[in-house]
1. Please specify each residue of the stretch 110-135 satisfying the condition of being charged (D, E, K, R) and surrounded by 12 or more Cβ atoms within 10 Å (Cβ to Cβ).
2. What tally of residues in the stretch 85-103 results from selecting those that are within 14 Å of TYR138 (Cβ to Cβ) and either in contact with an Asp or Glu (Cβ under 9 Å, 6 or more places away or on another chain) or of a type in the set (Lys, Arg) (or both)?
3. For the condition in a loop (DSSP other than H, G, I, E, B) and outside the structural domain of ARG142 (by TED's automatic domain parsing), what is the one hit in THR118, THR81?
4. Can you find a residue in the stretch 127-142 that is in contact with a helix residue (DSSP H, G or I) (Cβ under 7 Å, 6 or more places away or on another chain), over 17 Å from ASN53 (Cβ atoms) and assigned to a loop (DSSP other than H, G, I, E, B)?
Amino acid sequence: MKIMQSFLLAAFLMVSFSGFSQYKKDGTPDMRYRSNKSVYGGSYYSPTPSYTNPSVRSQSGYYRSNGTYVQPHMKTNTNTTNHDNFSTQGNYNYFNGTTGSRARDYSPEAYNYGSGKTIYQGPKGGQYYYNKNGNKTYVPKRY
């Protein structure tokens, strides 16, 4: 009888905790599940959630034009906003354990980027200025 109770308890615990974290086919957390939002960042009940885009991809390592090597890393797929990117304030990167520091699009903090520079808008809505080297530097979107 004791063995049967232990077995049933173990089976119950396995079933209970198997649904604790749900993953997509590519191995990333499926953010449609409440348990993943609480573990991997983002509040399920928050009216303005700190929610990271669950659609991520692997970025290969590369060299910048100035010769600096950028290590391979995971990044969110491109979309029309930076609200759900790993690098945005309030969002958590569960791959490397860091929180974002870049201002959200259309936030008051977005005006600190490129202050004193003329801000241009690209054909897809991206906003940028030309830095001292003549290269485009993208900034969080402003009104």
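The values are calculated or read from the model by the stated rules, or taken from the named source; none is laboratory data. Source: prediction; values computed, not measured. Heads up, the Cβs are rebuilt from the backbone with ideal geometry, glycines too, and the neighbour counts pull from every protein chain shown.
1. Here is the first cut: in the stretch 110-135, the ones charged (D, E, K, R) are 117, 124, 132.
LYS117, the sole residue that qualifies.
2. Going through the stretch 85-103, the residues within 14 Å of TYR138 (Cβ to Cβ) turn out to be 85, 87-88, 102-103.
Pick out the ones that are also either in contact with an Asp or Glu (Cβ under 9 Å, 6 or more places away or on another chain) or of a type in the set (Lys, Arg) (or both) and you get 88, 102-103.
Within the stretch 85-103, residues that are within 14 Å of TYR138 (Cβ to Cβ) and either in contact with an Asp or Glu (Cβ under 9 Å, 6 or more places away or on another chain) or of a type in the set (Lys, Arg) (or both) number 3.
3. On the way: THR118 fails: outside the structural domain of ARG142 (by TED's automatic domain parsing).
Checking each option against the conditions leaves just THR81.
4. Looking through the stretch 127-142, at least one residue is in contact with a helix residue (DSSP H, G or I) (Cβ under 7 Å, 6 or more places away or on another chain), over 17 Å from ASN53 (Cβ atoms) and assigned to a loop (DSSP other than H, G, I, E, B).
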